[in-house]
Amino acid sequence: MSQSQQAARPIGRLRRQRDPLADCDDDQVIRCDDPTTGWRWYYEVRGDGRVERFHEFHGYEQEVIPHEHASETAHFERVESVAVSRVHLEVARGEL
């Protein structure tokens with residue numbers, strides 16, 4: 001079979017990943033680190049489903065963002081994301 005007749009093959013596999021925000025307990029937040037830029041930020045899901053971002057660049061000030069944005073960003077290959085106690089965010093914000 002010539003190269004022009006070969007069947008198309010997927011280059012990579014797309015797989016559905018769990019929403020990391022869905023796995024957070026009430027006393028947890030998602031901590032994200034980007035080793036490329038050195039930035040750190042947190043996502044918190046409120047009881048009403050609202051998602052808030054606290055980014056180091058903005059002094060960890062609260063910012064309401066779309067749930068999809070937070071979920072997709074936490075899935076970026078270069079971003080390291082993990083659920084941690086809310087205390088981590090409180091320390092970063094200087095609340096403790």
Study note, to complete from the structure: In region 27-36, anything in contact with a helix residue (DSSP H, G or I) (Cβ under 9 Å, 6 or more places away or on another chain) and closer than 18 Å to GLU80 by Cα is listed as GLN28, VAL29, ILE30, ARG31, CYS32
Exercise for review: Please work out which one of (1) touching a Cys at 6+ places or on another chain (Cβ under 8 Å); (2) surrounded by fewer than 11 Cβ atoms within 10 Å (Cβ to Cβ) is the condition GLU80 fails and give its number.
Suggested key: (2)
Check your understanding: Taking only pairs six or more apart or across chains, which ones have beta-carbon atoms under 7 Å, a first residue in region 77-96 that is in contact (Cβ under 8 Å) with a residue 60 or more places away in the chain, and a second residue that is surrounded by 13 or more Cβ atoms within 10 Å (Cβ to Cβ) and hydrophobic (A, V, I, L, M, F, W, C)?
Key -> SER81/ILE30; SER81/CYS32; SER81/ALA74; ALA83/CYS24; ALA83/ILE30; LEU89/VAL29; LEU89/PHE54
Check your understanding: Among the numbered criteria (1) within 15 Å of PRO20 (Cβ to Cβ); (2) surrounded by 12 or more Cβ atoms within 10 Å (Cβ to Cβ), which single criterion is violated by VAL87?
Key -> (1)
Practice item. Specify the residue that is farthest from ALA74 (Cα to Cα); the eligible residues are those in region 25-63 that are surrounded by 17 or more Cβ atoms within 10 Å (Cβ to Cβ) and over 12 Å from the mean Cα position of the chain (by Cα). Key: TYR60
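Bear in mind that the values in this text are calculations on the coordinates, not laboratory data. All of these numbers come straight from a predicted model, not from anything done at the bench. Using ideal geometry, Cβ is built from the backbone for each residue, glycine included, and neighbour counts are taken over all protein chains shown.
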